[in-house]
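One structure is given below, encoded as structure tokens.
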Amino acid sequence: MVVSWIGFVSIGILFARYFKDSWPNTLLGGVKVWFAFHRPLMVTSVLMMCIAQACIFYYVGGYRTGYHQIVGSIAFVFALLQPFGAIFRPHPDASTRWIFNWGHWFGGNAGEICAVAAILLATEIKIAGLPHLFLYVVLAWIAFHVIVHLVLQLSSACSNRSKTADIALHELQNGQAIYIENSSNPSGQAYRT
């Protein structure tokens, strides 16, 4: 369960959140590169979670009630709902796509937050037999994960700011022109208005 959430889900979320605009004209397996990584990471993580749940129920002998189990079950439900939402997602140009986007974003983030809380709560479960060092490893991962998100968010914000600064109005002798620099006009040629 820990490998699934801390490894696969975290990396899958990073690809979806920060790498959608990377490699814009490159496809991998017929899909955008970010999605070629995001989808298998998330599918693998859900399969790993299902196997882990089955192993836990077998080992423990059923469902036990406690904070870890409740919060972990909520995270597991969020994880199970994500692929079903993705299967029925509307086309990117559909007027209802924003509902899927927000729901997928909320479900993924809520699931990850609940999972991290459940992992922290697992340190108190005697039957898990986790060493005391496990708590510090998880706390270090949380700090690292937050730093990675902050760095990538800052990088994204700076990148977007420089793109919008490239689009400006410039006066010409015979009138006005709009200076456009984007993927449809990589030369940055000015167009008269």
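Worth a mention:
- Subset of region 40-68 that is over 22 Å from the mean Cα position of the chain (by Cα) and among the polar types (S, T, N, Q) - its residue that is most open to solvent (accessible area, probe 1.4 Å): Thr65
- Residue match in region 92-102 (condition: among the aliphatic types (A, V, I, L, M), at negative phi, out of contact with any Asp or Glu (no Cβ under 9 Å at 6 or more places or on another chain) and open to solvent by 50 Å² or more (accessible area, probe 1.4 Å)): yes
- Residues that are basic (Lys, Arg) and either touching a residue at least 12 places away in the same chain (Cβ under 8 Å) or assigned to a helix (DSSP H, G or I) (or both) within region 27-81 comprise Lys32, Arg39, listed in sequence order.
- Some residue of region 112-122 being modelled with pLDDT of 95 or more, open to solvent by less than 40 Å² (accessible area, probe 1.4 Å) and not hydrophobic (A, V, I, L, M, F, W, C): yes
- The combined condition, being under 26 Å from Ala143 (Cα atoms), in contact with a helix residue (DSSP H, G or I) (Cβ under 8 Å, 6 or more places away or on another chain) and in a loop (DSSP other than H, G, I, E, B), is not fulfilled by Ser4.
- Among (1) within 30 Å of Ile56 (Cα to Cα); (2) in contact with a Lys or Arg (Cβ under 8 Å, 6 or more places away or on another chain), the one test that Leu135 misses: (2)
- Scan of region 15-26 for residues that are assigned to a helix (DSSP H, G or I) and open to solvent by 30 Å² or more (accessible area, probe 1.4 Å), ordered by number: Phe15, Arg17, Tyr18
- Qualifying positions in region 87-126 - assigned to a loop (DSSP other than H, G, I, E, B), under 30 Å from His68 (Cβ atoms) and without any contact (Cβ under 8 Å) to a residue 24 or more places away in the chain: Thr123
- Inter-residue pairs, beta-carbon under 7 Å, first under 18 Å from Leu121 (Cβ atoms) and in region 139-151, second of a type in the set (A, V, I, L, M, F, W, C) and surrounded by 12 or more Cβ atoms within 10 Å (Cβ to Cβ), 6+ apart: Trp141/Ile6; Ile142/Val116
- Of the residues making up region 137-165, those that are farther than 18 Å from Gly7 by Cβ and either touching a Pro at 6+ places or on another chain (Cβ under 9 Å) or of a type outside the set (Gly, Ala, Ser) (or both) are Leu150, Val151, Gln153, Leu154, Cys158, Asn160, Arg161, Lys163, Thr164.
- Residue check for Val71: over 19 Å from Ile13 (Cα atoms), touching a Cys at 6+ places or on another chain (Cβ under 6 Å) and either open to solvent by 80 Å² or more (accessible area, probe 1.4 Å) or of a type outside the set (Lys, Arg) (or both): yes
The rows are residues; the columns are (1) more than 26 Å from Phe19 (Cβ to Cβ); (2) modelled with pLDDT of 90 or more; (3) open to solvent by 60 Å² or more (accessible area, probe 1.4 Å).
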{"residue": "Phe76", "(1), (2), (3)": "yes, yes, no"}
{"residue": "Leu81", "(1), (2), (3)": "no, yes, yes"}
{"residue": "Phe106", "(1), (2), (3)": "no, yes, yes"}
{"residue": "Pro131", "(1), (2), (3)": "yes, yes, yes"}
{"residue": "Ile142", "(1), (2), (3)": "no, yes, no"}
{"residue": "Asn182", "(1), (2), (3)": "no, no, yes"}
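The values are calculated or read from the model by the stated rules, or taken from the named source; none is laboratory data. In this text, all values refer to a predicted model and were calculated from it rather than measured experimentally. Please note: Cβ atoms are built from the backbone with ideal geometry, for glycine as well, and neighbour counts cover all protein chains shown. Surface areas here come from the heavy atoms of the whole protein model, side chains and all, with no ligands, DNA or RNA. Shrake-Rupley method; radii C 1.70, N 1.55, O 1.52, S 1.80 Å.
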